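Comments concern the structure below.
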Amino acid sequence: MWLMSIDHLFMGLHSAIYVTYLLSNGLDLLQVNLVNVAFMASVFVLEIPTGAIADLFGRKVSFVLSSVVMGLGFIWYGITDNFIGFVIAEVTIALAVTLTSGAFRAWLVDSLQYHDWPGELTDVFRLEGRWRSVATLFGGLIGAYIGAVSLSLPMIVTGIGFLGLAIITAIIVREDYFKPKQLSEVKLWWNLKEIALTSIKYGLKHKIVFMVITATIVFNLGFAAFNMYWQPQFSEYLSGTEYLGYVWVFVVLTAMLGNELVRFFTKRFPNQKVGFVIIGLVVGIFMIIAAMSNTLGFLIFGFMGHEVLRGLIRPYVDTAIHKNIPSKTRATVDSFVHMIATGASGIGLLVSGLIAKHYSIDMAWLVSGLVIILLMPLVMFFNGKKATKGA
């Protein structure tokens, strides 16, 4: 847990000032989003090839290499000052993310099994989520205060921190149980084919999974503008960059609240199709309130209300997938859903960036809320009665 906590503490350092930093270097609202499109496109392309590193050399090597690349990417982020430089930084960070995505949890589970740990994995992942949220919360708060000195400083501190984490991990952490595979055993194209075939089988033919995919597309289309533009919106009411850290604290806490409410919501609305429609309508209303607010109070009410629902969505989606998919195909389908979500977020970033640049952030937020409110009932109706029976 200490390794995961330190990792997310460093990742949190730039969370509260990231967009503010990009805007301070002369990027417009569309370019800010395009920088993130570069990250998502890179993750999409690199996800499968980099997964072979963990099989060939071990999860520890994959994590150490990821930390080194992450460190270099963030240091470059802190010293560059133009659009192309930021895109290069995002591609580098995307490489780091894909090097460790999936490997960390596999490393954790394998280590527990190697040491004959008798507990439940559910408890481990719940505890991991809480530590991750707390670490990210404090990271964002600390980073905002560092950013008050210089907006580039949190990026550089993050980079140095990851390089230090790579050294500590290489020296301290052990992976005695690991047996590396031969290069011939790592079949990249076979893995790609397996993901494609399994995804078509379960993602398009299985009604519940298809319902989850369509709901995920709608949510990610709508959330892109809120992901990117909350900092400039709140900055209008704040006297210093450091106060963005406190906004970030509320963002994390409200998302954690939503995560804790998922069990109550699932029991109250066992029909998942109805559940998605309700979530979509309520989160859309909060988004519109935030978009139309002309005071800090209404902005906080609308934005934090939408964050509570967002905190509920991820475990709700995970529950729908894991209850309806066989164990041997869960990881594959989950990867497919993640890839679809990444693509939808990319489209959302492009569209909301154009609206924000040519009209306003308020308009981008308003359109985003309307997209979710209008599309969610439509896609649930499109899924038909069969989806309801399987829920």
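Taken together, the values in this text are just the output of simple stated rules run on the coordinates, not laboratory data. Just so we're clear, the structure is a prediction, and the values are computed from it rather than from any experiment. With ideal geometry, Cβ positions are generated from the backbone for all residues, glycine too; neighbour counts draw on all protein chains shown.
How high is the FRET efficiency between residue 294 and residue 41 when r is their beta carbon distance and R₀ equals 51 Å, given to the nearest 0.05? The calculated FRET efficiency here is 0.90. Listed by Cβ neighbour count within 10 Å, with the fewest neighbours leading, 8, 358, 306 appear as 358, 8, 306.
Each label point was placed 7 Å from the Cα along the Cα-to-Cβ direction; for residue 84 and residue 130 their separation is 5.0 nm. Between residue 167 and residue 278, the distance separating the two model label sites (each 7 Å from Cα on the Cα→Cβ line) works out to 5.3 nm.
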